[in-house]
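Read the structure below first, then the notes.
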Amino acid sequence: MAHILITYASKKGSTAEIAQAIGKELQAAGHAADVVETGTVASLAGYNAVVIGGPMYMGRMVSDVGKFVKRHRDELTKVPVAGFIVGLAAVSKDPAGIAWAEKALHASLAPLKPVAETIFAGRLDPAKLSWFQNWITKKVKSPVGDFRDWAAIGAWAQELPGKMGI
């Protein structure tokens with residue numbers, strides 16, 4: 001079985017929990033899976049595949065993901081890579097918002113060519129936001145709540161080994 005790195009950036013914890021769920025699914029399938037924050041990954045040595053995820057804020061994927069890709073670019077070109085982005089575009093099912101999220105994911109992972117990509121709906125908890133973020137959330141009438149679809153996350157994770165050829 002393969003040794004897979006699931007690395008993520010997370011501001012409020014929602015993406016970290018999704019990464020953990022992906023790791024658990026891969027472990028249940030018999031793979032060794034390490035779930036680690038992007039900023040703490042020193043090397044990709046020993047990994048057969050990498051899953052990279054992060055949240056979308058203000059129309060962009062958090063910069064930690066792009067920094068991770070840049071820092072490990074040479075190593076990442078030698079293993080299959082999958083990517084996911086977490087945000088609220090998936091909640092509204094707005095085609096323009098989904099296209100924007102896909103564009104943000106591609107920009108953060110460039111120049112990599114992921115074998116699998118997806119957008120997951122996230123969680124927006126007003127208690128974890130600053131007063132300014134809450135003000136913006138109300139101003140744009142953003143949906144508030146936990147919209148993560150754990151079944152969809154699990155299903156995507158279960159498909160990864162096949163898509164990654166591991």
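Computed from the coordinates by the stated procedures, all read-outs in this text should not be read as laboratory data. Quick caveat: nothing in here was measured; it's all calculated off a predicted structure. Glycine gets a Cβ as well: all are built from the backbone with ideal geometry, and neighbour counts include every protein chain shown.
Taking each pair of different alpha-carbon atoms in the chain once, compute 1/r for the pair, average those values, and report the inverse of that mean as the Kirkwood hydrodynamic radius in Å to one decimal.
16.0 Å
How do Thr77, Thr7, Thr118 line up, fewest other C-beta atoms within 10 Å first?
Ascending number of Cβ neighbours within 10 Å: Thr77, Thr118, Thr7.
Within the range 92-136, list the residues whose amide N lies under 17 Å from a label point set 7 Å along Cα→Cβ of Arg71.
108-111
Rounded to the nearest Å, what's the spacing between the alpha carbon centres of the range 124-166 and the range 56-96? Just the number, please.
13 Å
Size of the dipole of the chain about the Cα centre, Lys and Arg at +1 and Asp and Glu at -1 on the beta carbon, nothing else charged, in debye to 20?
Using only the charged Cβ atoms, the result is roughly 580 debye.
Among Glu37, Glu117, which comes first, then next, by fewest other beta-carbon atoms within 10 Å?
Values: Glu37 15, Glu117 18.
If I rank by nearby Cβ atoms, fewest first, I get Glu37, Glu117.
At a 10 angstrom cut-off on C-beta neighbours, averaged per residue, how do the peptides 144-156, 97-109 rank from highest to lowest? Mind dumping the intermediate values first?
Values: 144-156: 14.8, 97-109: 18.2.
Highest to lowest by the protection proxy: 97-109, 144-156.
Suppose R0 equals 41 Å. What FRET efficiency, 1/(1 + (r/R0)^6) with r the Cβ-Cβ distance, do Ala45 and Trp131 give to the nearest 0.05?
Efficiency, rounded to the nearest 0.05: 0.40.
Once you put a point 7 Å from the Cα of Asp94 and another 7 Å from the Cα of Met58, both along the Cβ direction, what distance in nm separates them?
1.8 nm
Please figure out what share of the DSSP beta bridges in the range 75-162 is antiparallel and state it in percent, rounded to the nearest 5.
In the range 75-162, approximately 25 percent of DSSP beta bridges are antiparallel ones.
Among the helices of the chain (complete DSSP H runs), which have Cα atoms covering no less than 15 Å along the helix axis and a Kyte-Doolittle mean of at least -0.5?
Within the chain the helices that satisfy the rule are 14-28, 95-109, 150-164.
Could you work out Rg/(2.2 N^0.38 Å) for the range 110-166, with Rg from alpha carbons only?
That works out to 1.59 for the range 110-166.
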